[in-house]
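S.K.: Below: one structure in structure tokens.
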Amino acid sequence: MDFVLSGVAACCACLFTNPLEVVKTRMQIHYRNVFHAFYTIGKVDGLAGLQKGLVPGLNYQFVVNGVRLGSYAILESGGYIHSDGRVSPVKSVAAGAVAGMLGAVIGSPMYLVKTHLQSQSTASIAVGHQYQHQGMLHALVCIRKEHGILGLWRGASAAVPRVMVGSACQLSTFSAAKEFVSDLQVFPLNSWLVSLSAGMISSVFVVLGMTPFDVISTRLYNQPIDSRGKGLLYSGFISCFSQTIRKEGIFGLYKGIGASYFRLGPHTILSLLFWNELRKVYYKDRQLASRPR
């Protein structure tokens, strides 16, 4: 049930933040800034253009965060992230990284398809390489047919460290911040405002840690490939990282950070809030059901 609750929480957040993901993906390839991307996509592709890739996005969120948050929840419930009753920074970072790795490996095909679909646009505003997928299932079948089963994991070399770093930052800071805010006693015990505040603190660390990996991951997933499925622009994570640094400098790794925060920030806050509150409701109901009558 922890995996299901985690997946549902992430999907709820995705409904609100998918337009920001579309803008962020396009910005990391070409557009100048958040407002330019929003205006151009809305004007040419319409409002529906801002929800491109929603179906694979929801599938990706359910799978990746179901596994990631669910695994962390089990470790947290088992006391594995605590030392002497307090959150251990080292243990929580390690648990978040391991949970992130599991989620990223399992969800990588969905992220590949999501990136392809969100990058597709009308020819007049097309940026980067354009795939011509007709939907999520069509994309999965085409990639599998052209490049084999391993082709679905192209770009995973960037996605796995990206999600590991983001997960370690997000979950460790969320656990620590939730404990810190509770200690301040600003809000009532077990108030949803504690989770909201902790999620806001966590969101800053997530964006700072994930954006460089996010830029590289987007470029690896979206680059054109040859008949053998080999990238024509970058050979892998290190190649993309070094080329970006050489051509654009260190700030090239933070391209689209404004859009990244507008997407990752709200998504982090909402997904952690929904996750925490759904777990509280579920376990409270279980406790009530288990009481003798």
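The values are calculated or read from the model by the stated rules, or taken from the named source; none is laboratory data. Keep in mind that this is a model prediction, so the values were computed, not measured. Using ideal geometry, Cβ is built from the backbone for each residue, glycine included, and neighbour counts are taken over all protein chains shown. Keep in mind that these areas ignore ligands, DNA and RNA; they rest on the heavy atoms of the full protein, side chains included. Shrake-Rupley method; radii C 1.70, N 1.55, O 1.52, S 1.80 Å.
S.K.: Within the range 67-76, can you find the residues that are open to solvent by less than 20 Å² (accessible area, probe 1.4 Å) and touching an Asp or Glu at 6+ places or on another chain (Cβ under 7 Å)?
M.R.: Matches in the range 67-76: 70, 73.
S.K.: Right, something else. Looking at the range 205-238, which of the residues that are of a type in the set (Phe, Trp, Tyr) and touching a residue at least 40 places away in the same chain (Cβ under 8 Å) is surrounded by the most Cβ atoms within 10 Å (Cβ to Cβ)?
M.R.: Here the answer is 221.
S.K.: If residue 272 meets every condition in (1) open to solvent by less than 30 Å² (accessible area, probe 1.4 Å); (2) closer than 16 Å to residue 162 by Cα apart from one, which number is that one?
M.R.: (2)
S.K.: Being polar (S, T, N, Q) and closer than 27 Å to residue 212 by Cα is the filter here, so list the residues in the range 239-293 that pass it.
M.R.: Matches in the range 239-293: 239, 242, 243, 244, 260, 268, 271.
One line per residue, one yes/no per condition, for (1) at pLDDT 80 or above; (2) in contact with a strand residue (DSSP E or B) (Cβ under 7 Å, 6 or more places away or on another chain); (3) surrounded by 23 or more Cβ atoms within 10 Å (Cβ to Cβ):
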| position | (1), (2), (3) |
| --- | --- |
| 25 | no, no, yes |
| 50 | no, no, no |
| 65 | yes, no, yes |
| 78 | yes, no, no |
| 83 | yes, no, no |
| 90 | yes, no, no |
| 100 | yes, no, yes |
| 103 | yes, no, yes |
| 114 | no, no, yes |
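S.K.: Read through the list (1) out of contact with any Ser or Thr (no Cβ under 8 Å at 6 or more places or on another chain); (2) of a type in the set (Val, Ile, Thr); (3) open to solvent by 10 Å² or more (accessible area, probe 1.4 Å), then give the number of the only condition that residue 244 fails.
M.R.: (3)
S.K.: I've got another one for you. Just give me the residues in the range 27-39 being modelled with pLDDT of 70 or more and surrounded by 21 or more Cβ atoms within 10 Å (Cβ to Cβ), in sequence order.
M.R.: Residue satisfying the conditions is 37 alone.
S.K.: Pull out all pairs, ordered by first then second residue, where Cβ-Cβ is under 7 Å, the residues are six or more apart or on different chains, the first lies in the range 74-103 and is over 14 Å from residue 178 (Cβ atoms), and the second is assigned to a helix (DSSP H, G or I) and among the aromatic types (Phe, Trp, Tyr).
M.R.: Within 7 Å, the pairs are 95/72; 99/72.
S.K.: To continue, here is another question. In the range 83-111, what residues are touching a Gly at 6+ places or on another chain (Cβ under 9 Å) and assigned to a strand (DSSP E or B)?
M.R.: none
S.K.: If you don't mind, another one. Under 6 Å by Cβ, and 6 or more places apart or on different chains, what pairs join a residue from the range 239-267 that is more than 15 Å from residue 219 (Cα to Cα) and at pLDDT below 85 with one that is surrounded by 20 or more Cβ atoms within 10 Å (Cβ to Cβ) and basic (Lys, Arg)?
M.R.: 259/24; 263/24
S.K.: Considering only the range 119-222, give the helices (runs of 4 or more DSSP H) lying wholly within it that have at least 2 residues that are within 24 Å of residue 106 (Cβ to Cβ), of a type outside the set (Phe, Trp, Tyr) and at pLDDT 85 or above.
M.R.: Result: 156-184, 192-222.
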